[in-house]
1. Once the Cβ-Cβ distance between Val14 and Glu42 is put in as r, and R0 is 25 Å, what FRET efficiency do you end up with, to the nearest 0.05?
2. Based on alpha-carbon positions alone, could you give the equivalent ellipsoid semi-axes of the stretch 47-88 from the gyration tensor, as √(5λ), descending, whole Å?
3. Only bridges whose two residues both fall in the chain count here: according to DSSP, what percent of them are antiparallel, nearest 5?
4. Does the stretch 10-55 come out rounded, prolate or oblate, given a ≥ b ≥ c as the square roots of the eigenvalues of its C-alpha gyration tensor, rounded meaning a/c under 1.5 and, failing that, prolate meaning a/b above b/c?
5. Scan the chain and report its longest stretch carrying no GluC sites (Glu not before Pro) that are both in a DSSP loop and have at most 14 other Cβ atoms within 10 Å.
6. Taking amide hydrogens as modeled 1.01 Å from N in the peptide plane, which residues meet the under 5 Å criterion relative to Leu62, leaving out close sequence neighbours?
Amino acid sequence: MPQNSTFAITVNSVTSRNGKLLMQKNKNGSYSLPGGLVIEGESLEEACKKRSGMPLKIIRPLNPKISWKSIDDSKLPIVSINYLTEVEK
């Protein structure tokens, strides 16, 4: 997470291929939608494409989600923006 932040913004891609939802395997063995943190100077769409690890076409944004992560006796709000995407050919 960004240091000294009051909130974080993440992006995720919701992509299906052959009727299956594409997921990424995390370091701890769990699975999640491909995505990650948006860094200063990036657009949301640019961050979504970069963090997915594959060439994507953005179709449209989906409903945002807000969650909280406990860090050092406080809670950091995380705003997640999901995009419906397709793999570019």
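1. 0.85
2. Semi-axes (√(5λ), whole Å): 27, 12, 5.
3. 70
4. It is oblate, given that a/c is not under 1.5 and a/b is not larger than b/c.
5. Value returned for the longest uninterrupted segment is 41-87.
6. Correct list: Asn82, Tyr83, Leu84.
All of the numbers you see were taken from the coordinates with simple rules; none came from a lab. Predicted, not measured: the structure shown is a model, and the values here were computed from it. Cβ atoms come from the backbone with ideal geometry, glycine included; neighbour counts cover every protein chain shown.
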